[in-house]
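Enquirer: Provided herewith is a single structure, encoded as structure tokens, for subsequent inquiry.
The values are calculated or read from the model by the stated rules, or taken from the named source; none is laboratory data. As the structure is a computational prediction, the values presented were derived from the model and not from experiment. Accessible surface is based on the protein model in full, side chains and every heavy atom, while ligands, DNA and RNA are left aside. Shrake-Rupley method; radii C 1.70, N 1.55, O 1.52, S 1.80 Å.
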Amino acid sequence: MTTMIAEQPWMVAIALGLLGGALIFGWLQTGKKAAALIGLVCLGLVPVAFVVASNWETDREQIERLIRDTAAAIERNDFETVYQLIGDDEAEAMARRELPQFEFTMASVNKIRSIEVIEGTFPPEADVDMSVKVDVSTKRGGVKNIRVVRRLELRLQKENDHWKVTQYRHSPVVGGPDQYTDQFTTK
């Protein structure tokens, strides 16, 4: 329910509006002031739903912001910022091996397919499946400014109210792994 309030204020507003309207209609039919009062309270809560939704950042919204901020850091070739967002030594080592080989001129998120916050995990964990697009050149020559579209799968863990990447894998958007695909680290 909290996710619906924070992420889907239109649904909550429609429900409150219908409930408020029905209660006011009930008051008009029966003359019971309690129905009118509760109906007006429901209608008054509609703007409150939007205020709450705009000020309440859910885990999913935090993760989406983290993903977009990371894409911006990669586009700036600011790899140190990217490394700080990784909360696993093995995943960070993999990123430190891969990223410095390339120079990025564009990095963006095409589509976030899913952000699944895993219930019952402590510390909280989430899985993200998305596709990304980069314009990249190799630093040692050869490949100059080609566009690459990849599927990126992330496992994140929440540490001190901040989400950190603990595992990642990139692969082709369709089909199975290729020669550039790194497998998830196993623990």
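Enquirer: Once the piece of chain linking residue 28 and residue 15 is laid out straight, how much longer is it, given 0.36 nm per residue of separation minus the C-alpha distance between them?
Expert: 2.7 nm
Enquirer: Sticking with this structure for a sec: Could you give the angle, 0 to 90 degrees to the nearest 10, between helix 89-98's Cα long axis and the longest principal axis of the Cα atoms of the chain?
Expert: Taking the Cα atoms of the chain, the angle to 89-98 is about 60 degrees.
Enquirer: Express in Å², to the nearest 10, the accessible area of residue 164 obtained by rolling a 1.4 Å probe over the protein heavy atoms while all chains stay in place.
Expert: Spelled out: residue 164, probe radius 1.4 Å, area about 50 Å².
Enquirer: I've got another one for you. Explain nothing, just compute: Karplus ³J(HN,Hα) = 6.51 cos²θ - 1.76 cosθ + 1.60, θ = phi - 60°, for every residue of the stretch 146-161 in order, whole Hz, x for Gly and Pro.
Expert: With coefficients 6.51, -1.76 and 1.60, one gets 9, 8, 10, 10, 9, 8, 10, 10, 10, 10, 10, 9, 8, 10, 6, 6 Hz.
Enquirer: Another one. To the nearest 10 degrees, how steep is helix 33-55 against the longest Cα principal axis of the chain, on a 0 to 90 scale?
Expert: Taking the Cα atoms of the chain, the angle to 33-55 is about 20 degrees.
Enquirer: Taking only protein heavy atoms into account and a 1.4 Å probe, give the accessible area per residue of the stretch 87-141 in Å².
Expert: Per residue, the stretch 87-141 has 55 Å² of solvent-accessible surface.
Enquirer: May I pose another question? Taking square-rooted eigenvalues a ≥ b ≥ c of the alpha carbon gyration tensor, is the stretch 59-172 rounded, prolate or oblate, where a/c under 1.5 means rounded and, failing that, a/b exceeding b/c means prolate?
Expert: prolate
Enquirer: Quantify, in whole percent, the carbon and sulfur part of the accessible surface of the chain (1.4 Å probe; protein heavy atoms only). Kindly include the intermediate steps, with their values, before the conclusion.
Expert: Values: 6660 of 11420 Å².
Result for the chain: 58 percent of the exposed heavy-atom area is carbon or sulfur.
Enquirer: Which three semi-axes in whole Å describe the equivalent ellipsoid of the stretch 1-55, each the square root of 5 times a Cα gyration tensor eigenvalue, listed largest first?
Expert: Over the Cα atoms of the stretch 1-55, the ellipsoid semi-axes are 25, 9, 7 Å.
Enquirer: If you don't mind, another one. Which value at 222 nm does the chain reach when only helices count, each DSSP H run of 4 or more adding -39,500 (n - 2.57), with the total divided by all residues and rounded to the nearest 500 deg cm²/dmol?
Expert: After summing the helix terms and dividing by residue count, I get -14500 deg cm²/dmol.
Enquirer: Okay, next question. At 0.36 nm per residue, and after removing the present C-alpha to C-alpha distance, how many nm does the segment from residue 51 to residue 108 gain when stretched out fully?
Expert: Result for the pair: 17.6 nm of gain on full extension.
Enquirer: Continuing with the same structure: Measure nothing but the geometry: give the 0 to 90° angle between the long axis through the Cα atoms of 59-75 and the longest principal axis through the Cα atoms of the chain, rounded to 10°.
Expert: Approximately 30 degrees, to the nearest 10.
Enquirer: When the solvent-accessible surface of protein heavy atoms is calculated with a 1.4 angstrom probe, in what order do 140, 147, 60, 169 fall, highest first?
Expert: 140, 147, 60, 169
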